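Take a look at the structure below.
The values are calculated or read from the model by the stated rules, or taken from the named source; none is laboratory data. Nothing here was measured: the structure is a model prediction, and the numbers come from that model. As a convention, Cβ positions derive from the backbone with ideal geometry for all residues, glycine included, and neighbour counts pool all protein chains shown. Side chains are part of the model used for accessible areas, which takes the heavy atoms of the whole protein and leaves out ligands, DNA and RNA. Shrake-Rupley method; radii C 1.70, N 1.55, O 1.52, S 1.80 Å.
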Amino acid sequence: MATAATDSSGVAFRLRAVRAGVALSLFCCVYVGAFALVSWSERNRSAILAVVAVATLGSLLIARIPVERLMWHPRRREAFFLSWSAGLIASVTAVTVLDGGLSSPLAALYFLPLVFGALSYPTGSMIALAVLDIAAYAGVGVAVGGVSTTDLALVGMSLVCAGWMCAWQARSHERARRELAGVSIVDPLTGALNRRGFDERFDGELSRAARAGDAVGHILVDLDDFKRTNDSLGHAAGDAQLRWSVRTMTAMLRPSDAVGRIGGDEFAILVPGAAAPETRLLADRLQAALAEGAPSSIGVAVYPVDGLDRDAMQQLADLDLYAVKQARTAQRVAAGPRELSWAATLADAVDRRMGIRHEHSVTVSRYAVLIGRRLGLDEGRLDALRLAAVLHDIGKIAVPESVLRKAGPLTTSERLLVTRHSAVGADMVTRIEGLQELAPWVRHSHEHVDGSGYPDGLRGDQIPIESRILLVADAFDAMTSDRSYSAAMDVDVALHELRRCAGQQFDAACVDLLAAGLAPGAVAAAAPAPAIT
C-alpha cells in the first residue's frame, strides 16, 4: 500500500540528488581546471582543459534538461544515473591518463563517485557503480601504469573497501527512507493508509487507469454511531472498533486494493479494475461484514463513469453515502422539510462546482411547481416534483469543474461528459430508498419533444410530463441568471426564446403555463387546468 507514496518521496529525493550531483561535478571541473592552469608547464594541459570543458558542458546540460518525468520510471531513472556516473568516471580516467597515469594526484578523484553514490543511489546501482569505478582504476593501472604493482594493489583494495562500505551505507539509507516513507503515509492506529497516503495512491491509480483505459472503483465507508461507542464505552473500545473494521475490510480485499483512514470514523477503499457492478457488489459485501461489529453507511463512485479526477469521485461517493444515510430514516416519499433540506444540500454542492451565484436547483423547483400546479398535479405529485427539481442536476458532480465553468464552446469529449450527467443523477436517486419514483424524471429531464435530447432520445409523450416541466423550468432559470458562458437575459427575452423553441425542444403547454404564471398579477394557485397524467 505504500508504493505510490514511497515513489513520490523517492522521486523528490533523487531530484535533489541530481541538483547536488551537478553542483559537485561543476566544483570538480573548476578545481581540475585550476590544477591544469597552475601546472601548465606539465604535459597535456590543453587536453585536460578540453576534457574539463566537455564535462562542464555535460553537467550544465543535465541541469537544464527536464529529468522529473524520467525519475518516475525506476529502470530509466537508474539507467540515467549510471550513465551519468559512467561519464564522470570516463572523464576522471581521461584526465588521469593524460597526466601520466595513476601517479597523478587526479587519480584520487576515483573516490568521489563512490561517496556520491553512497548518499543517493539504491544498493544495486551503488554496487554497479563501484564495480565500474574499480575496473576503470585497475584498467588505467594495467594499461598505463604510473605506480608499482604493490601501490596499485593497495589503492585498489582501498577502493574495494570503500565501495563495500558505500554499498552498505546505500542499503542503510534505502531502508531508512523506505521506513520513513511508510510511517508518513500509514495511520498508526489501524495500519491503513492515512489521508496523504490514500490520496497519493488514488492519483496513481487514476493515472494508470487513464493510460490503460481501465476502471477504478472507489468506496467510502462511514461507521454509524461511532461517537456513541466512544462516549459510552470509552476511547479504548472505539480504537478497538476501528482496528477491527480495518482488519475486516482488508480481509475482503485483493492485494492490489487499498484501504485508507481519511477521517476519525471514515474510511475509503480503492478497487483498481472494478467497474460499477463489481464495486457495488463489494460495497454490499463490506456492509454486510461490517454489520457484525461496526454498522456502516457506504457510498460508491467509479472511474470514469462517475468522475475523471479524485475530487469529483470523492464528492460523488460522499453524496451517495450522505443520501443513503438520510434515506435510511425516511418515512415517506413526500418532500417535507427534512427531505428538501438534505436535497438542497446536495444541490448546493453542485451549484458551487458550477460557479452559480444563486440557488439554481431550488429556483428551478419553484418554477417547476408553478407549472405543475397549473397543470393540475395533486399536492403529492407536486411535492415529488419539487424534490426532483432540486435533485435534477446532482449528476453534474461527476463532471469536472473545468468543464462546468468553461466560458467557451465545449469540445466533443467535454459535451459527452455533460450529456451523461442526467443518467448519473438518476442512478444516484435510484439508490435512495423511497425516491426511486423520481429517477426517471431526473434521467429524462434533458429530453426534447422532437427527440433531439439525451440520454435516450425520447420524444413527445414518451417523456414523463415531470421531465418536460423540469426542462422548461431549468432552461428559464439558466437564461435569466448569469453564467460563465452568458449574461442573464431579461424575463421577456427568455420567454420569447422558450416560445421560439416550443414544439421542438420544449413542451408548448409547459412554456405557456410558465409564461401565464409569471404574468403580472398572475396567481400561482389560480384555477388549474385539467390534470395531466
(request) Using label points projected 7 Å from each Cα along Cα→Cβ, tell me how many nm separate H496 and Y31, to one decimal. (result) 8.3 nm
(message) Give me the one-decimal nm value for the distance between modelled label points at W72 and T480, 7 Å along each residue's Cα-to-Cβ direction.
(response) 4.8 nm
(message) Quick check for you: which residues of region 361-382 have the amide N under 14 Å from the point 7 Å beyond the Cα of A516 toward its beta carbon?
(response) 370-377
(request) Determine, from the Cβ-Cβ distance of R208 and S158 and an R0 of 60 Å, the FRET efficiency 1/(1 + (r/R0)^6), rounded to the nearest 0.05. (result) 0.85
(request) Just read off the accessible area of T150 with the full protein assembly in place, 1.4 Å probe, to the nearest 10 Å². (result) 110 Å²
(request) May I ask you to rank V216, V186 by accessible area, largest first, using a 1.4 Å probe over the protein chains only? (result) V186, V216
(request) Compute the length gained on full extension between L189 and D151: take 0.36 nm times their separation in residues and subtract their Cα-Cα distance, giving the result in nm to one decimal. (result) 7.9 nm
(message) Report the gain in length on full extension from M252 to M489: 0.36 nm times residue separation, minus Cα-Cα distance, nm rounded to one decimal.
(response) 79.8 nm
(request) Using Cα centres only, tell me the gap between region 457-472 and region 241-312 in whole Å. (result) 37 Å
(request) Please report how far the C-alpha centroid of region 473-514 lies from that of region 74-144, rounded to the nearest whole angstrom. (result) 75 Å
(request) Heads up, I need the accessible area for C161: 1.4 angstrom probe, whole protein in place, Å², nearest 10. (result) 70 Å²
